[in-house]
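The values are calculated or read from the model by the stated rules, or taken from the named source; none is laboratory data. Computed from a predicted structure; not experimentally measured. Cβ placement follows ideal geometry from the backbone for every residue including glycine, while neighbour counts extend to all protein chains displayed.
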């Protein structure tokens, strides 16, 4: 809604919106600031906002004491692996549903979505048991599989809505010009599908990165990703605010940056096309 | 356009996704249903045979059940009320012409990308700690006695934390819906002398109706199963034991699989009731 308004009105809007935005963002900002303080400064009364001795010490301590890199690596493997695997499985499915729809396509899509609604806690023990039997407990492979399965419906849906937007006429035109199926897929469809696939990839990496039910319940020392790494800070010993902040900043920074790029796809992906 | 050949190819292309999801749904679900009819204590004798509907009756009649249903409803209801009301207000504000709109939007959306364990721990310690938390400093500054938030005001605290995480989601969806509103309609109403309140009530709010419904349903499904926020803050103490957390405790902490599974079946039924409504809306919007 682009309406023309007076400069005064625009100034008021700006001030109000920035004020609200900063209040909402404040916990993140404060966590980042605290991560650069010493432990004593972190709990100083009154709280120190910008004027303190900035230090990187906490980041070094967190890495040294808890081997942050291993948790980070686990998060990358689990979030990245489950998403890539999900996309490999979902692309053909979404593809066929978008380009060769049948009477049952709609039912299949809705049914897939319904599996997403299954409360995780309802199947916690069976999964736990299957994991023990198959030796998957506390393994990255196990989490890649579980997170792939819980996000597969969203991946199929997102890809489907993107593929739907590729006009079928273009395919027919390519076919009439004598393109083979291979050429059709390689030179016509793939270039048009890549933006949709990229958006899907991005959003699902974020979802998998932040998933905190299965990652907490199915891992221990070996395969624990950053969600579990942070949870291990819930029973503190001594002064730890600055270190907690440093660990938190490291856990959310990569995804915060990815998230900012994906805000447009977020709405589409999470409402299953119901709001565009 | 589709030939017999392409139809069977389509079926083959769909097969892996369908089979995997079918297995993912049926296998654990069947196991949960089977366990729910058994006395099953892995640490105290293992599988002790069939007990009929015993677990279902015991789960509902235990003294922890109704408080957990109540806690679940209070958290879901509280978070929904806060995120929808403030989400509409924020979307209205962000839709106005201003300088730096893109940056403000990023600031508002950011909490959604923070992993649940981080937001819960940061709020618990850095904000709500009764000695060193920022709120404690603030309270002392105004001469008030600091509050031990997560034990004395446990429910409002959890609702605050979860609302902070979900407000960006509601705002973003409502803002997207708002931007599809035809501005000429609003201008016409303005010229006809409709007050801002009337324009909001008769044009904006009805236009947002569907988006609000979608926000409510999707959030309900996620909120029914919040876990990490409780796991790292109160561990279910101080009246914050939700249905999800109660089932988690039955299954993994007390290793009473039969009882926990019966609870799981209740949770699945509950989630399905909500899901049915969501599917109707999503399905209507789907033209295949």
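Search region A:103-116 for residues that are more than 7 Å from chain B (Cβ to nearest Cβ) and pair each with any residue that is part of a helix (DSSP H, G or I) and buried (at least 18 other Cβ atoms within 10 Å of the Cβ) when their beta-carbon atoms are under 6 Å apart and the residues are at least 6 apart or on different chains.
From region A:103-116, the pairs are A:116/A:153.
State yes or no: is residue B:225 under 23 Å from residue B:171 (Cα atoms) and at the interface with chain A (Cβ under 8 Å from one of its Cβ atoms)?
In short, yes.
Might you let me know whether region A:169-187 holds any residue that is closer than 30 Å to residue B:221 by Cβ and either in contact with a helix residue (DSSP H, G or I) (Cβ under 8 Å, 6 or more places away or on another chain) or more than 10 Å from every other protein chain (Cβ to nearest Cβ) (or both)?
Let us first name the residues in region A:169-187 that are closer than 30 Å to residue B:221 by Cβ, namely none.
Within region A:169-187, not a single residue is closer than 30 Å to residue B:221 by Cβ and either in contact with a helix residue (DSSP H, G or I) (Cβ under 8 Å, 6 or more places away or on another chain) or more than 10 Å from every other protein chain (Cβ to nearest Cβ) (or both).
Condition first: within 12 Å of chain A (Cβ to nearest Cβ) and either part of a helix (DSSP H, G or I) or under 18 Å from residue A:41 (Cα atoms) (or both). Now tell me which residues in region B:139-154 satisfy that. Give the derivation first.
If we filter region B:139-154 for residues that are within 12 Å of chain A (Cβ to nearest Cβ), which is where we start, we get B:139-141, B:146, B:150.
Within region B:139-154, B:139, B:140, B:141, B:150 meet the criteria.
Inside region B:38-120, counting only helices (runs of 4 or more DSSP H) that do not spill past its ends, which hold 2 or more residues that are without any contact (Cβ under 8 Å) to a residue 24 or more places away in the chain, buried (at least 16 other Cβ atoms within 10 Å of the Cβ) and within 14 Å of chain A (Cβ to nearest Cβ)? Give the derivation first.
Details: elements: B:54-61, B:65-94, B:101-109.
Those helices (runs of 4 or more DSSP H) span B:101-109.
State which residue pairs qualify: first residue outside the structural domain of residue A:207 (by TED's automatic domain parsing) and inside region A:136-151, second residue surrounded by fewer than 19 Cβ atoms within 10 Å (Cβ to Cβ) and assigned to a loop (DSSP other than H, G, I, E, B) in any location, beta carbons under 6 Å apart, and separation of 6 or more residues or different chains.
none
Of the residues B:221, B:230, B:226, which is closer than 28 Å to residue B:31 by Cα and not in a helix (DSSP H, G or I)? I'd like the intermediate steps shown before the answer.
Values: B:221 fails: not in a helix (DSSP H, G or I); B:230 fails: not in a helix (DSSP H, G or I).
The conditions single out B:226.
Please work out which residue is nearest to the chain's Cα centre (by Cα), limiting yourself to region B:235-288 and to residues that are touching a residue at least 24 places away in the same chain (Cβ under 8 Å) and assigned to a loop (DSSP other than H, G, I, E, B).
B:242
Mind checking which residues of region A:28-42 are more than 23 Å from the chain's Cα centre (by Cα) and in a helix (DSSP H, G or I)? Steps first, answer last, please.
Keep residues of region A:28-42 that are more than 23 Å from the chain's Cα centre (by Cα), which gives A:33-42.
A:33, A:34, A:39, A:40, A:41, A:42 - these are the residues of region A:28-42 that are more than 23 Å from the chain's Cα centre (by Cα) and in a helix (DSSP H, G or I).
If we keep just the residues of region A:209-238 that are more than 9 Å from every other protein chain (Cβ to nearest Cβ) and more than 18 Å from residue A:70 (Cβ to Cβ), which is modelled with the highest pLDDT?
That would be A:214.
Yes/no matrix, rows are residues, columns are (1) touching a strand residue (DSSP E or B) at 6+ places or on another chain (Cβ under 8 Å); (2) more than 10 Å from every other protein chain (Cβ to nearest Cβ); (3) assigned to a helix (DSSP H, G or I); (4) farther than 26 Å from residue B:232 by Cα:
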{"residue": "B:137", "(1), (2), (3), (4)": "no, no, yes, no"}
{"residue": "B:156", "(1), (2), (3), (4)": "no, yes, yes, no"}
{"residue": "B:167", "(1), (2), (3), (4)": "no, no, yes, no"}
{"residue": "B:187", "(1), (2), (3), (4)": "no, no, yes, yes"}
{"residue": "B:194", "(1), (2), (3), (4)": "no, yes, no, yes"}
{"residue": "B:205", "(1), (2), (3), (4)": "no, yes, yes, yes"}
{"residue": "B:211", "(1), (2), (3), (4)": "no, no, yes, yes"}
{"residue": "B:214", "(1), (2), (3), (4)": "no, no, yes, yes"}
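Please state which of the following conditions residue A:74 fails to meet, knowing it meets all the rest: (1) touching a residue at least 60 places away in the same chain (Cβ under 8 Å); (2) closer than 30 Å to residue B:137 by Cα; (3) part of a helix (DSSP H, G or I).
Of (1) touching a residue at least 60 places away in the same chain (Cβ under 8 Å); (2) closer than 30 Å to residue B:137 by Cα; (3) part of a helix (DSSP H, G or I), only one is false for residue A:74: (2).
What number of residues within region B:1-29 are more than 16 Å from residue A:103 (Cβ to Cβ) and surrounded by 12 or more Cβ atoms within 10 Å (Cβ to Cβ)?
13
Can you report the number of residues in region A:30-59 which are under 22 Å from residue A:257 (Cα atoms) and either out of contact with any helix residue (DSSP H, G or I) (no Cβ under 8 Å at 6 or more places or on another chain) or more than 10 Å from chain B (Cβ to nearest Cβ) (or both)?
First, pick out the residues of region A:30-59 that are under 22 Å from residue A:257 (Cα atoms): A:30-36, A:56, A:58-59.
After this cut, where a residue has to be either out of contact with any helix residue (DSSP H, G or I) (no Cβ under 8 Å at 6 or more places or on another chain) or more than 10 Å from chain B (Cβ to nearest Cβ) (or both) as well, the list is A:32-33, A:35-36, A:56, A:58-59.
Of the residues in that region, 7 qualify.
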